[in-house]
There are 2 protein chains.
Amino acid sequence: MNTFTEENYLKAIYHGAANGGSASTNEIAAALNTKAASVTDMLKKLAEKKLINYTKYQGVTLTPAGQKIALSIIRKHRLWEYFLVEKLNFKWDEVHDVAEELEHISSKELVDRLDDFMGNPKYDPHGDPIPNRKGEFKAHELKPVSGLSVNEEGVISGVRDHSSSFLQYLEKTQLTIGKKIKIAEIHTYDHSVIVQSGDKRTHISREVANNLLIAL
Amino acid sequence: MNTFTEENYLKAIYHGAANGGSASTNEIAAALNTKAASVTDMLKKLAEKKLINYTKYQGVTLTPAGQKIALSIIRKHRLWEYFLVEKLNFKWDEVHDVAEELEHISSKELVDRLDDFMGNPKYDPHGDPIPNRKGEFKAHELKPVSGLSVNEEGVISGVRDHSSSFLQYLEKTQLTIGKKIKIAEIHTYDHSVIVQSGDKRTHISREVANNLLIAL
DNA sequence: CCATATTTTTAGACTTATCTAAATTTTTTA
DNA sequence: TAAAAAATTTAGATAAGTCTAAAAATATGG
């Protein structure tokens, strides 16, 4: 098996090398709160184990073996987040750190039973897709609120920023996953947006509109 | 916080120094599958941190601070075992290794919510008491089957041997926690015992009788 | 009660993951 | 396109936890 640390590197590389690109040393260092020199050391080790494709100075991508591990970590992370919110009544902004620990519990049996216990959910509390036991998943087709025009409608289905401060803000303004909203107004001056959900109108900044994702 | 490894040492010392005694270096090494020399190194470190009382060659006991940590690990271990059996349908002989990992998840909030989610159970699937959030617990008053006389009755309430082979044996012979049994016969030759549960009579060896615990 | 056996500790070495500082490579830009 | 800036890698150190082999302390038993 792999260490806790190796798993974190693979996960960071997976996220950093999303949609066809490659992850850079600095990017990985930032994601893991470590130094570039430490990352270089670990990249050599992971390449040795054939979990990543690595050539000096060129950034890295996951091999199929590395991707399989990364997806199993992500599956565990998201299933545990779902469990924490749906079964243990955690708030969606409180689950990240706990799930960061739980994702490293190795038992596959445990995760698969947990998955069944919860009825095989397809999305976690933040709208991110949960890979199934084979590592397959389907992401929602999402657009940021900032990409919509006046009178367009949609359902809040994801976030781009997973920080607890952003999630708490959304909670307070009731702009949570599953809410149906309509773009009421767009202020061309600062690109802020007024969204309507039922009777309630909420004025959100351009930044918030950028980080709030809608399924059309 | 403490490392995973330190927590395992504290737990081993807790178990090794049960009922007033002290734990020896070799005993700890055996429990943790490591070497005596490694144990000595770690004992120095734990003494430095004031988690154990240690004088060279004299064995060790936990300080109040060390005991508090050990009990929190044991609480987590037993609560997770309960969860695995009661919610995820694991068998009682399958949960130990998974719980060994889960017990190191640090969030106190998580454990306390898990405790509530399950209705604050007092005993784990093997009959061991689960410490409450203050670390308090009450063990069953237990006697091994080998300590009973013919015609005495009691309820199976614990095991001394937690190995999966023993638990599987009990499962197969239906001698599981909660079963009411009566001593039907004792063979003085080999100290084996015939126990009666309902209509069923089961012949068990002295060794099994020693490891099966009864509440009177 | 002393010699032997057992237990425990010390000494020195290794591995993993990390760091800082310096060197090298790549990228940017003037 | 060459100089400066940024990114990355190398070199050398450190800390945690482990090991083996040898030394020291304690326990045991004739």
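The values are calculated or read from the model by the stated rules, or taken from the named source; none is laboratory data. Here the structure is a predicted model, which is why all the values come from computation and not from measurement. Note: ideal-geometry Cβ built from the backbone for every residue, glycine included; neighbour counts use all protein chains shown.
Okay, here's what the table says:
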quantity	calculated
Among residues of segment B:84-97, those that are crowded, with 22+ Cβ neighbours inside 10 Å and at the interface with chain A (Cβ under 10 Å from one of its Cβ atoms), counted	2
Qualifying residue in segment A:200-207 (condition: within 20 Å of the chain's Cα centre (by Cα) and under 24 Å from A:Trp92 (Cα atoms))	yes
Of all residues making up segment A:54-70, the number that are more than 10 Å from DNA strand C (Cβ to nearest atom) and more than 23 Å from the chain's Cα centre (by Cα)	1
Residues (more than 8 Å from DNA strand C (Cβ to nearest atom) and farther than 14 Å from B:Ser22 by Cβ) located in segment B:39-53	B:Met42, B:Lys45, B:Glu48, B:Lys49, B:Lys50, B:Leu51
Residues satisfying the stated conditions in segment B:173-205, i.e. among the basic types (Lys, Arg) and free of Cβ contacts under 8 Å to residues at least 24 places away in the same chain	B:Arg201
Scope segment B:54-100; condition more than 22 Å from B:Arg133 (Cβ to Cβ) and within 16 Å of DNA strand D (Cβ to nearest atom); matching residues	B:Tyr54, B:Thr55, B:Lys56, B:Tyr57, B:Gln58, B:Gly59, B:Val60, B:Thr61
Matching residues in segment B:110-151 - criterion: being within 14 Å of chain A (Cβ to nearest Cβ) and among the acidic types (Asp, Glu)	B:Asp112, B:Asp115, B:Asp116
Among (1) out of contact with any helix residue (DSSP H, G or I) (no Cβ under 7 Å at 6 or more places or on another chain); (2) within 14 Å of another protein chain (Cβ to nearest Cβ); (3) in contact (Cβ under 8 Å) with a residue 40 or more places away in the chain, the one test that B:Glu103 misses	(1)
Counted residues, segment B:1-20 - those being within 12 Å of DNA strand D (Cβ to nearest atom) and either within 14 Å of another protein chain (Cβ to nearest Cβ) or at pLDDT below 95 (or both)	6
Test: residue in segment A:32-53 that is closer than 24 Å to A:Glu109 by Cβ, at pLDDT 95 or above and over 18 Å from the mean Cα position of the chain (by Cα)	yes
Residue tally, condition surrounded by fewer than 15 Cβ atoms within 10 Å (Cβ to Cβ) and in a loop (DSSP other than H, G, I, E, B), over segment A:141-154	5
Selection from segment B:107-127 of residues that are on the phi > 0 side of the Ramachandran plot and either free of Cβ contacts under 8 Å to residues at least 40 places away in the same chain or of a type in the set (D, E, K, R) (or both)	B:Gly119, B:Asn120
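So that you can scan it fast, the table gives a plain yes or no per residue for (1) in contact with a helix residue (DSSP H, G or I) (Cβ under 9 Å, 6 or more places away or on another chain); (2) surrounded by 12 or more Cβ atoms within 10 Å (Cβ to Cβ); (3) outside any loop (DSSP other than H, G, I, E, B):
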site: A:Asp115; (1), (2), (3): yes, yes, yes
site: A:Pro125; (1), (2), (3): yes, yes, no
site: A:Ala139; (1), (2), (3): no, no, no
site: A:Ile156; (1), (2), (3): yes, yes, yes
site: A:His162; (1), (2), (3): yes, yes, no
site: A:Phe166; (1), (2), (3): yes, yes, yes
site: A:Leu175; (1), (2), (3): yes, yes, no
site: A:Thr188; (1), (2), (3): no, no, no
